[in-house]
Amino acid sequence: MSAEQPIPPPDRLPRVHSDNDPLDRWRLWLADECFGTRSLWVLWFDDRDLQMPIATPIDEAPRLPDPIAVENLALVAEDVLGEAGGRWVSLALVRPGWAADLGR
C-alpha cells in the first residue's frame with residue numbers, strides 16, 4: 001500500500017468479475033510493501049463480489065502447508081464469512097522482501 005497513492009476504501013473498489021481480478025487486487029494491496037517474514041494474507045469478499053473492509057495477515061506462515069492448520073483456516077474463514085455476511089476469500093502468500101514482483 002503506497003503512501004503516495006493510498007488504496008481506496010474497499011467499498012469504492014470495483015467488483016471482482018473474473019479469475020484475474022483477485023490478482024489485480026493483490027497487486028494493488030501489496031505492490032509497494034516489503035515483508036520481513038512469510039505471511040498468508042486474506043481478503044474477504046461479500047455475496048456481491050465486493051471486497052469487505054478487512055485484510056487479515058497471518059504471520060510466520062510455514063514453508064509447507066500443515067493439513068490441520070489449513071483445515072482450521074477454512075473453518076475460521078467459514079465462521080467469519082457467515083457472521084459478516086461474506087461469501088469467499090482470496091489468499092496471497094508473501095515471502096520476505098519486496099512484493100513488487102507479485103505475480104511472477
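The values are calculated or read from the model by the stated rules, or taken from the named source; none is laboratory data. Because the structure is predicted, anything quoted here is derived from the model rather than measured. As a convention, Cβ positions derive from the backbone with ideal geometry for all residues, glycine included, and neighbour counts pool all protein chains shown. With ligands, DNA and RNA removed, areas are computed over all heavy atoms of the protein, side chains included. Shrake-Rupley method; radii C 1.70, N 1.55, O 1.52, S 1.80 Å.
Details
- Seen from residue 85, the other residues with C-beta closer than 12 Å to its C-beta sum to a net charge of -1, counting Lys and Arg as +1 and Asp and Glu as -1.
- Maximal additional length on extending the residue 71-residue 91 stretch stands at 5.8 nm, based on 0.36 nm per residue less the C-alpha distance.
- Scattering curve values for the stretch 29-86, log₁₀ I(q)/I(0), Debye with Cα scatterers, q = 0.26 Å⁻¹: -1.13
- Net charge of Cβ neighbours under 13 Å - reference residue 58; Lys, Arg +1; Asp, Glu -1: -2
- Count Lys and Arg as plus one, Asp and Glu as minus one, and take only other residues whose Cβ is under 13 Å from that of residue 48; the net charge is then -2.
- Applying 1/(1 + (r/R0)^6) with R0 = 35 Å to the Cβ-Cβ distance of residue 59 and residue 23 gives a FRET efficiency near 0.95.
- Rounded to the nearest 20, the size of the Cβ-charge dipole of the chain about its Cα centre is 300 debye, with Lys and Arg at +1 and Asp and Glu at -1.
- Relative compactness, the chain, computed as alpha-carbon Rg over 2.2 N^0.38 Å: 1.08
- Mean silhouette area of the stretch 7-52, derived from the convex hull of its C-alpha atoms and averaged over all directions, reads 3.6 nm².
- Rolling a 1.4 Å probe over the protein heavy atoms gives the chain an accessible area of 69 Å² per residue.
- Rolling a 1.4 angstrom probe over the chain with all protein chains present gives an accessible area of which 55% lies on carbon and sulfur atoms.
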